[in-house]
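Here is the structure we will look at.
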Amino acid sequence: MRILLLGSGGREHAFAWKITQSPLCKALFIAPGNAGTKGLGQHLPFGVTDFDAIRTCCIEQAIDMVVVGPEEPLVKGLVEYLREEPLLKSLSIIGPGQQGAALEGSKAFAKAFLQRHGIPTASYREFTKENYQEGLTYLQAHPLPIVLKADGLAAGKGVLICSTHQEAIQGFEEMIQSAKFGEAGKKVVVEEFLQGIEISVFVLTDGKNYVLLPEAKDYKRIGEGDTGLNTGGMGAVSPVPFVDAVLWEKIKTRVVAPTIQGLQQDGIPYCGFIFIGFMIVKGEPFVIEYNCRMGDPETEVVMPRLQTDLVELLAAAAAGELKTQTIKTDPRTACTVVAVSGGYPEEYRKGFVIQGLDQLPDSSLVFHMGTQQKGDDIITSGGRVLAVTAFGNTVSEAAAAARTIQDSIQFEGKYYRRDIGFEFK
Ligand code: AMP
Ligand code: GLY
């Protein structure tokens, strides 16, 4: 199979690493990729939303399967665009069309979907310019804290957790009246705050059948002890120690199965990943978000634990035959620790030379998130730079092993959290 992988982060490096282990993969192309994916496939110099270049590449390189890493091309309609091309009739695409991607692309759509299909989630209301005054009254009477969500994609910044009514009203005003998040914030979801523990669950579906990949817990805050600003994710662990058979059963019967049935009832075809963000409240699962893709850095622990051939799984999903597939998982714990450039998630610099990568043992799992090859050097090209994944029999063992490897990699201003997995043994 000739595969085109779209994206340039740690998620795509982990995908590329796993895809190239499959005997079914005859050629891998990666657009645009990063310094870490360089040895794993042929890089192509176009971006993930350059639909024209993607179509041309699929035709010229006789691509059999496109694997879409990030959400943006899906939300913008890449699948519909490629489906219109008569020369690509037999192309498999891993990633949903625009309607399916709206589960991530529109919070209001996702909330209505959850409610329509009786899937547990926080109660909510949605507001726009039209019912702005009503929104203000609603906010004033709402118990604290209040969760405000810009409807559209806002690069992970569209959620505000407000601890006072004044803060909520100001955030609401900024989103709707001052268009702080542009179009994305012109509609706002106001949601009940759920107190609990977050976990991420990953579903691969063909629209009718599904398989569950290993779950993960992501560490979103920049600072140790879960303090400071939100980031794209500073580390992850899998499995999550408190997720037992009872909770899995609730997750499957109350959320995953009704989600797939809901897509079918609503006539939404879906081939690809659904990443469900959960808040577990006193042992009960509530959905806080859907994503139409895998998580980053969660993929950097999920792929290493997945023992099933990924290409076989993706091919089965594309053929509508996921029912025939079972998932085999490494029972050990994987932990990934993300190194970022000083200043991230606020202003940070790029272009620092990364040292130590060539002296690591071959078995090290270093997934590049924001790197670039420059001559003989590998330099930083993003806020999140490298995720190091290691295994252990416990979370603390895996985390310690990941830190040891992180400590032998250097670049100016490097920072990472030394406490990923801190709440577990
Ligand atoms: P999202 O962009 O939907 O992933 O939201 C960002 C973060 O906000 C989540 O990872 C949660 O930590 C938090 N969050 C979102 N919705 C809620 C909620 N209803 N209750 C508590 N925390 C929430
Ligand atoms: N790590 C969270 C995400 O990928 O959205």
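The values are calculated or read from the model by the stated rules, or taken from the named source; none is laboratory data. Here the structure is a predicted model, which means the values were calculated and not measured. Here Cβ is always computed from backbone atoms with ideal geometry, including for glycine, and neighbour counts include all displayed protein chains.
Please verify whether D358 is exposed (fewer than 14 other Cβ atoms within 10 Å of the Cβ) and either at pLDDT below 95 or at negative phi (or both), treating the condition exactly as stated.
Yes; evaluated as a whole, the condition is true for this residue.
Condition check ((1) under 17 Å from Q406 (Cβ atoms); (2) touching a residue at least 60 places away in the same chain (Cβ under 8 Å)) across all residues:
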residue: T299; (1), (2): no, yes
residue: M303; (1), (2): no, yes
residue: L306; (1), (2): no, yes
residue: E312; (1), (2): no, yes
residue: A315; (1), (2): no, yes
residue: T324; (1), (2): no, no
residue: A334; (1), (2): yes, yes
residue: V340; (1), (2): yes, yes
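Identify all residues within the range 15-36 that are touching a Ser or Thr at 6+ places or on another chain (Cβ under 8 Å), in contact (Cβ under 8 Å) with a residue 60 or more places away in the chain and within 20 Å of I93 (Cβ to Cβ); write none if there are none. Write out each step before concluding.
Our first condition is that a residue be touching a Ser or Thr at 6+ places or on another chain (Cβ under 8 Å); within the range 15-36, this holds for 15-16, 28, 30, 32-36.
With the extra rule that they be in contact (Cβ under 8 Å) with a residue 60 or more places away in the chain, the set shrinks to 15, 34-36.
F15 - this is the single residue of the range 15-36 that is touching a Ser or Thr at 6+ places or on another chain (Cβ under 8 Å), in contact (Cβ under 8 Å) with a residue 60 or more places away in the chain and within 20 Å of I93 (Cβ to Cβ).
Among the residues that make up the range 170-177, is at least one of them touching a Gly at 6+ places or on another chain (Cβ under 8 Å), surrounded by 21 or more Cβ atoms within 10 Å (Cβ to Cβ) and under 30 Å from P269 (Cα atoms)?
Checking the range 170-177: not a single residue is touching a Gly at 6+ places or on another chain (Cβ under 8 Å), surrounded by 21 or more Cβ atoms within 10 Å (Cβ to Cβ) and under 30 Å from P269 (Cα atoms).
Does T329 count as among the hydroxyl-bearing types (S, T, Y) and either under 27 Å from P32 (Cβ atoms) or without any contact (Cβ under 8 Å) to a residue 12 or more places away in the chain (or both)?
The answer is no for T329.
How many residues are over 24 Å from P73 (Cβ atoms), buried (at least 17 other Cβ atoms within 10 Å of the Cβ) and among the acidic types (D, E) if we restrict to the range 102-130?
1
Looking only at the range 380-391, decide whether some residue is surrounded by fewer than 18 Cβ atoms within 10 Å (Cβ to Cβ) and either modelled with pLDDT of 95 or more or in contact with a strand residue (DSSP E or B) (Cβ under 8 Å, 6 or more places away or on another chain) (or both).
Keep residues of the range 380-391 that are surrounded by fewer than 18 Cβ atoms within 10 Å (Cβ to Cβ), which gives none.
No, the range 380-391 has no match at all.
Among the residues of the range 285-342, count how many are more than 11 Å from ligand 2 (Cβ to nearest atom), among the polar types (S, T, N, Q) and in contact with a Ser or Thr (Cβ under 9 Å, 6 or more places away or on another chain).
7
Filter the range 361-374 for residues that are surrounded by 13 or more Cβ atoms within 10 Å (Cβ to Cβ) and either aromatic (F, W, Y) or not in a strand (DSSP E or B) (or both) and give the result.
Quick first cut of the range 361-374, residues surrounded by 13 or more Cβ atoms within 10 Å (Cβ to Cβ) only: 364-373.
S364, F367, M369, G370, listed by residue number.
Which pairs turn up if I take residues in the range 76-101 that are over 14 Å from D64 (Cβ atoms) and in contact (Cβ under 8 Å) with a residue 12 or more places away in the chain and look for partners that are surrounded by fewer than 18 Cβ atoms within 10 Å (Cβ to Cβ) and among the small types (G, A, S) with beta carbon separation below 8 Å, at least 6 apart in sequence or on another chain?
Every condition considered, the pairs that remain are G97/G77; Q98/G77.
How many residues are touching a helix residue (DSSP H, G or I) at 6+ places or on another chain (Cβ under 9 Å) and either surrounded by fewer than 14 Cβ atoms within 10 Å (Cβ to Cβ) or at pLDDT below 90 (or both) when one looks only at the range 131-140?
Here the count works out to 1.
List the helices (runs of 4 or more DSSP H) inside the range 1-84, counting only whole elements, that have at least 3 residues being surrounded by fewer than 20 Cβ atoms within 10 Å (Cβ to Cβ).
Numbers: elements: 10-19, 51-60, 72-75, 78-83.
Filter on the range 1-84 gives 51-60, 78-83.
Would the range 198-209 turn up any residue that is surrounded by fewer than 18 Cβ atoms within 10 Å (Cβ to Cβ) and within 16 Å of ligand 1 (Cβ to nearest atom)?
Checking the range 198-209: at least one residue is surrounded by fewer than 18 Cβ atoms within 10 Å (Cβ to Cβ) and within 16 Å of ligand 1 (Cβ to nearest atom).
Let me spell it out: the conditions are (1) within 14 Å of ligand 1 (Cβ to nearest atom); (2) outside any loop (DSSP other than H, G, I, E, B); (3) touching a residue at least 24 places away in the same chain (Cβ under 8 Å); (4) not small (G, A, S), and L194 meets all of them except one. Which number is the exception?
Going through (1) within 14 Å of ligand 1 (Cβ to nearest atom); (2) outside any loop (DSSP other than H, G, I, E, B); (3) touching a residue at least 24 places away in the same chain (Cβ under 8 Å); (4) not small (G, A, S) one by one, L194 breaks only (2).
What do you reckon, is L78 closer than 19 Å to N291 by Cα and more than 16 Å from ligand 2 (Cβ to nearest atom)? Give the steps one after another, and end with the answer.
Values: closer than 19 Å to N291 by Cα: yes; more than 16 Å from ligand 2 (Cβ to nearest atom): yes.
Judged against the criteria, L78 is a match.
Given the criterion in contact with a strand residue (DSSP E or B) (Cβ under 8 Å, 6 or more places away or on another chain), in a helix (DSSP H, G or I) and in contact (Cβ under 8 Å) with a residue 40 or more places away in the chain, identify the matching residue among I251, I222, I199.
Numbers: I222 fails: in a helix (DSSP H, G or I); I199 fails: in a helix (DSSP H, G or I).
From the options I251, I222, I199, the qualifying one is I251.
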